[in-house]
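Working notes, beginning with the structure itself.
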Amino acid sequence: MEGNFSKKYNGAIYLRLSKEDGDVAAGSKLESNSISNQKNLVQDYLKSQKDIEVVSIRIDDGYSGVDFNRPEFQAMMKDIRDRKIDCVIVKDLSRFGRNYIETGRYLEKIFPILGVRFIAVNDNYDSINEDNSGIVTAFKNLVNDSYLRDLSVKIRSNLETKRKKGEFTGAFAAYGYRKSETNKNQLVVDEFAAGVVRDIFNMKLRGMSPGSIADKLNESHILSPMEYKTSMGENFRTSFKTNKKAKWAANTVMRILEDEVYTGVLLQGKRTTPNHKIKKIEIKDKKDWIRASNTHEAVIDRFYYDTIQRIMERETRRPPSGKGIYLLGGLIYCGDCGAPMIHKVCKGRKKHKDDIPNEYVYYVCKTNKEGKGCSGHRISEKVLFDTVFKELKYHIRTVLDVEDILSQMDKVPLNEMQARKLNAHIVYKQEELMKATKLKAGIYEDFRNGILDLEEYQSFKSEFNNRIKEAKEAIGLYNNEKKKLANNKNPKYEWMEYFRKYKELKELTREAAAIFIDRILIYEGNRIKIRYTFRDQLKDSTEYITAGARKEAI
């Protein structure tokens, strides 16, 4: 094609390549669309175009053609507005853009207004030639747009499949993990960062607030997640950074404390966009998140994690210092109405102005304090702490006695007993799964026959999908416990490790109370009832001991 030599053009070669739009697929397509290939093809073409002088080469490597918010493209547009460029040359229309509407807007409005000549080499398009068919160009733009739309659907479907299989699809691993060098969809533990994560959970269990934990990490010169990833060579970016050097903050600590990824669970598919053109992020309903268990090594024990969530959910008024919470904060409740008990301090009178006044610390029912009923019973903090400490020590000793008895019993029957229980649970869940699957199929027939309208059908379908999902997850967990039994590792009794750790408890501590106590109920007359954690596990153990004693008696 010979150019019109009546005018000299200052040209910009524009090259684009994107992994998102499938340009770097495999084989010949990868080679065809490489940056170097595009550049060579355009330069070969320009050898015959004596009226075009190349002023710049703009390259957007790794940017989708769905929109035009690309750095080098925008730099080229600035050159055009500054009258430095009046000709744009690309390999083909798809390299310029894949958005049918936006591409058409540039070719039919913006470039003509700015006096820009546009050339797409492989599409045999040159805007200065009168014989260029607008219909053909529009059709090609539409095809490019459709290609990107179809590709977007395939990518979304592929990602959803990976997530359901428990494969990690995120750009960056959560702090405490890194991507496996051999499998980018597998998370492996980053020992240093995982150690910091464990410290964060331990500090929280001891009663420290997220803000205090952040301060402690900053004082210890521990790099924040962003700075740590950057120091490891990752090109990490986040919208949460507000300072030149990102530091630990309370919300950073909270995100770590609430993230289930540290228990070996992947929760993915939390966000989406309406379509491939609109990039506005939308948060999906929690029921639509994709959950996969046991996908990677856990950094935090599941019970430990659940304990932290439990104490964070409850009302925990902080002392005036604001650096922690009360020793039994979030654990003390009225035995009559169930409301939390409020921490109060009553100061005695000073005999002399320089005296330190005596303090009487007590707990009173919140409902009664607010004048909404219930009785005005209260309990001294000292009496409460002494009683709880005494009872907790006795409880720990009792459980360890149970462990001693279990250790003397035959482990083979123990594993067999637990295996039978697990098999019974699996059978029950399999029946639930079959029933939900059958009912789901049935409602489709009812919908086809007009018995159910669309809204009713979708509602029932969602309910049965949730039942199916829950049943499959439960079956997976039970099968995992069976595998542990087969390896002579009894998951039913791993919980006793907590009791062994606190065997020599010298005083009542926040972490011991949070681990072993679910709640403390206070009644009239200073009557105290403690509801412990591990109740179900202890019940199973004592039942097994009782069953063994009966067997020996026979």
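The values are calculated or read from the model by the stated rules, or taken from the named source; none is laboratory data. Predicted model, so just to flag it, every value in this text is computed and none were measured. Glycine gets a Cβ as well: all are built from the backbone with ideal geometry, and neighbour counts include every protein chain shown. The accessibility values were calculated without ligands, DNA or RNA, using every heavy atom of the protein model including side chains. Shrake-Rupley method; radii C 1.70, N 1.55, O 1.52, S 1.80 Å.
Some values worked out for this structure:
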quantity	calculated
With DNA, RNA and ligands ignored, accessible area of Lys390 (1.4 Å probe; Å², nearest 10)	140 Å²
Calculated FRET value between Ser462 and Glu511, using beta carbons and R₀ = 41 Å, to 0.05	0.50
Residue-normalised accessible area of segment 36-134, expressed per residue, 1.4 Å probe, Å²	48 Å²
Accessible surface ranking that places the most exposed of Tyr363, Tyr532 first, with a 1.4 angstrom probe	Tyr532, Tyr363
Violating pairs (Cα-Cα greater than 19 angstrom) within the set Lys344/Lys393; Lys204/Lys245; Lys165/Lys287; Lys286/Lys440	Lys344/Lys393; Lys204/Lys245; Lys286/Lys440
Cα→Cβ-extended label distance, 7 Å offset, between Asp453 and Lys78, nm	5.7 nm
Cβ-Cβ FRET estimate between Lys39 and Lys184, R0 fixed at 30 Å, reported to 0.05	0.55
Solvent exposure ordering (accessible area, 1.4 Å, most first) of Val383, Val299	Val383, Val299
Gain upon complete extension [Lys501, Asp285; 0.36 nm per residue less C-alpha separation]	73.8 nm
Aspartates and glutamates with Cα under 18 Å of Lys7, excluding same-chain neighbours fewer than 8 positions away	Asp51, Glu53, Asp86, Asp126, Glu130
Largest to smallest accessible area among Tyr262, Tyr304 [probe 1.4 Å]	Tyr304, Tyr262
Distance between segment 504-527 and segment 85-123 - C-alpha centres, whole angstrom	73 Å
Label-reachable residues, segment 450-485, where backbone N falls under 18 Å from a point 7 Å from Ser157's Cα toward its Cβ	none
Probe 1.4 Å, accessible area per residue of segment 158-197, Å²	54 Å²
Spin-label model distance (nm) - Val54 vs Lys344, 7 Å beyond Cα toward Cβ	8.4 nm
Estimated inter-spin distance, Ser375 and Gln537, nm [label 7 Å along Cα→Cβ]	3.6 nm
Extension reserve of the Ser231-Glu473 stretch, reckoned as 0.36 nm per residue once the Cα distance is removed	83.3 nm
Computed accessible area, Val189, all protein chains, 1.4 angstrom probe, square angstrom	20 Å²
Violating pairs (Cα-Cα greater than 27 angstrom) within the set Lys472/Lys529; Lys162/Lys284; Lys501/Lys529; Lys390/Lys483; Lys390/Lys501; Lys472/Lys503	Lys472/Lys529; Lys390/Lys483; Lys472/Lys503
FRET efficiency, Asp61 to Ile113 (Cβ-Cβ, R0 25 Å, nearest 0.05)	0.30
Full-stretch length increase - Arg310, Arg255 - with 0.36 nm per residue and alpha-carbon distance subtracted	18.3 nm
